[in-house]
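Undergrad: Take a look at this one; I'll ask things after.
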Ligand code: BES
Ligand code: MN
Ligand code: ZN
């Protein structure tokens, strides 16, 4: 979708649709009032008669409002003025876009960016509106033979900003949001792709395709033969039951001098997690195609980073692998030697993500990184702890954890920190190896992170568990593209891209 900003008054707009807010109970926003005046009370009359209460998300589409140049006016309920918060603002914008999309307006001018959202400026409101708009028109129809797309979809949305001084700010917000949305879309597309198509090789091909689009990007591909040479026996064990080769794709963005230490982001890329010999129950097992959500996020993030041409060196690793039961599969009881030399007793082949990640995390030591963040749909326990709303952040490096949480707040891509205290380490002790790959039921997200922490001693590291946030189930089932917004913000902050002035 295309976006623009302008600064003008509502009665002068000549558009297919003009979007203005109404607060609860039946209170016009200043912009709606302006339209009411020139239409000689047309809008206030309707509202008095009870056509719109102003509850958040209520929509009323009007045609040919007297003296208004635009063909349509969309009145949008914004709830109680004092209660308008970030979440409601995003929901209102998304609902607006859906309505416009379904009612034949191919372009619209929105005044919702003039609403007051506590503590948020025009940059934030425009950026969130663009991201929410892109998000709400996303579909994944590649594999449907009848596409059923809207006949006259919304193509262009213009946001009005209160003063001309804010035009530049609005334009920057659009540019940033479009780059982030493009990354989110890449992440969603690859994650929604079914596991018979999206295997580790497919992830690698998507990486190659991305790299071919930008001069700053390059790709290294590490297959099973090279993993063998590197001693990545833990990673290899997980993929051994699969007919699809394990492939690790290393995408590099060079935006700064060669000697500047990179920031490395590693994504869990289980293109299907059946559980292996410790096989999962069949209910909702199809959702384990999303077990590559971390890798999808990293691929999307690299797209955003390249589109913004961030002046940093950034390395994105897609740890592609498939976990299947098979005569050749690894088993409970096996003891694996990881690339780090540490040994692991496998007690459950369904705790495979950490076995893949530990070797990927050892591999990236060679880059002498400034920081490493891994992103993984790692534990069902994370969904129990935080539900579907927040990504879990675990880190023993406080400054890095704070940077991530800040970026999450700025980007409205929620994250919450869990502790990574030493006390939990004893849960993964093993009588036969240096550690076990599971730590029992208590604090499953933390013990998984404890496991990874044993492979990340040589750099500053944080772990993001996106088991609850990478996709949604139910009627609107699909990948979310999270945490691309949060990590994009983290890297933009690192690159000192000013957003507030
Ligand atoms: N990919 C799963 C985690 C998962 C489950 C993410 C459900 C999202 C929804 C992971 O590989 C896994 O199976 N973890 C096990 C670990 C356990 C065996 C210690 C889990 O969470 O049950
Ligand atoms: Mn598993
Ligand atoms: Zn998994």
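The values are calculated or read from the model by the stated rules, or taken from the named source; none is laboratory data. Quantities reported herein were computed from a predicted structural model and do not represent experimental measurements. Note: ideal-geometry Cβ built from the backbone for every residue, glycine included; neighbour counts use all protein chains shown.
Undergrad: What number goes with the only condition from (1) away from ligand 1 (no atom under 13 Å from the Cβ); (2) under 22 Å from residue 437 (Cα atoms) that residue 346 does not pass?
TA: (1)
Undergrad: Now a separate question. Grab the helices (runs of 4 or more DSSP H) fully contained in region 102-221, keeping just those with 3 or more residues being outside the structural domain of residue 23 (by TED's automatic domain parsing) and within 20 Å of the chain's Cα centre (by Cα).
TA: Numbers: elements: 122-137, 167-192, 200-211.
Hits in region 102-221: 167-192, 200-211.
Undergrad: Is one or more of the residues making up region 274-290 in the same structural domain as residue 198 (by TED's automatic domain parsing), within 13 Å of ligand 2 (Cβ to nearest atom) and within 15 Å of residue 202 (Cβ to Cβ)?
TA: yes
Undergrad: So in region 410-425, with the set limited to residues that are assigned to a helix (DSSP H, G or I) and touching a helix residue (DSSP H, G or I) at 6+ places or on another chain (Cβ under 9 Å), which one is surrounded by the fewest Cβ atoms within 10 Å (Cβ to Cβ)? Please lay out each step first, then the result.
TA: Here is the first cut: in region 410-425, the ones assigned to a helix (DSSP H, G or I) are 410-411, 422-425.
After this cut, where a residue has to be touching a helix residue (DSSP H, G or I) at 6+ places or on another chain (Cβ under 9 Å) as well, the list is 410-411, 422, 424-425.
Values: 410: 19, 411: 25, 422: 9, 424: 17, 425: 17.
Out of the qualifying residues, it is 422.
Undergrad: Across region 252-281, what is the total count of residues that are closer than 27 Å to residue 313 by Cβ, outside any loop (DSSP other than H, G, I, E, B) and away from ligand 1 (no atom under 11 Å from the Cβ)?
TA: Residues that pass the stated criteria total 9.
Undergrad: Moving to a separate point now. Does residue 489 satisfy the criteria of being at pLDDT 95 or above, surrounded by fewer than 22 Cβ atoms within 10 Å (Cβ to Cβ), under 21 Å from residue 130 (Cα atoms) and touching a helix residue (DSSP H, G or I) at 6+ places or on another chain (Cβ under 9 Å)? Can you show your working first?
TA: Details: at pLDDT 95 or above: yes; surrounded by fewer than 22 Cβ atoms within 10 Å (Cβ to Cβ): no; under 21 Å from residue 130 (Cα atoms): yes; touching a helix residue (DSSP H, G or I) at 6+ places or on another chain (Cβ under 9 Å): yes.
Answer is no for this residue.
Undergrad: Of everything in region 325-362, what is surrounded by fewer than 22 Cβ atoms within 10 Å (Cβ to Cβ) and within 16 Å of ligand 3 (Cβ to nearest atom)? Give them in sequence order.
TA: Hits for region 325-362 are 325, 329, 332, 347, 348, 350.
Undergrad: Could you grab me the full set of residues in region 293-324 that are over 13 Å from the mean Cα position of the chain (by Cα) and assigned to a helix (DSSP H, G or I)?
TA: To start, the set of residues in region 293-324 that are over 13 Å from the mean Cα position of the chain (by Cα) comprises 305-324.
305, 306, 307 - these are the residues of region 293-324 that are over 13 Å from the mean Cα position of the chain (by Cα) and assigned to a helix (DSSP H, G or I).
Undergrad: Which numbered condition trips up residue 26, out of (1) out of contact with any strand residue (DSSP E or B) (no Cβ under 8 Å at 6 or more places or on another chain); (2) surrounded by fewer than 16 Cβ atoms within 10 Å (Cβ to Cβ); (3) over 23 Å from residue 137 (Cβ atoms)?
TA: (2)
Undergrad: When the residues of region 433-453 are filtered to those that are away from ligand 2 (no atom under 16 Å from the Cβ) and not in a loop (DSSP other than H, G, I, E, B), which remaining residue is farthest from residue 423 (Cα to Cα)?
TA: Of everything passing the filter in region 433-453, 435 is farthest from residue 423 (Cα to Cα).
Undergrad: So which of 125, 80, 147 ends up being over 21 Å from residue 56 (Cβ atoms) and either exposed (fewer than 14 other Cβ atoms within 10 Å of the Cβ) or touching a strand residue (DSSP E or B) at 6+ places or on another chain (Cβ under 9 Å) (or both)?
TA: Details: 125 fails: over 21 Å from residue 56 (Cβ atoms); 80 fails: over 21 Å from residue 56 (Cβ atoms).
Of 125, 80, 147, the one residue that is over 21 Å from residue 56 (Cβ atoms) and either exposed (fewer than 14 other Cβ atoms within 10 Å of the Cβ) or touching a strand residue (DSSP E or B) at 6+ places or on another chain (Cβ under 9 Å) (or both) is 147.
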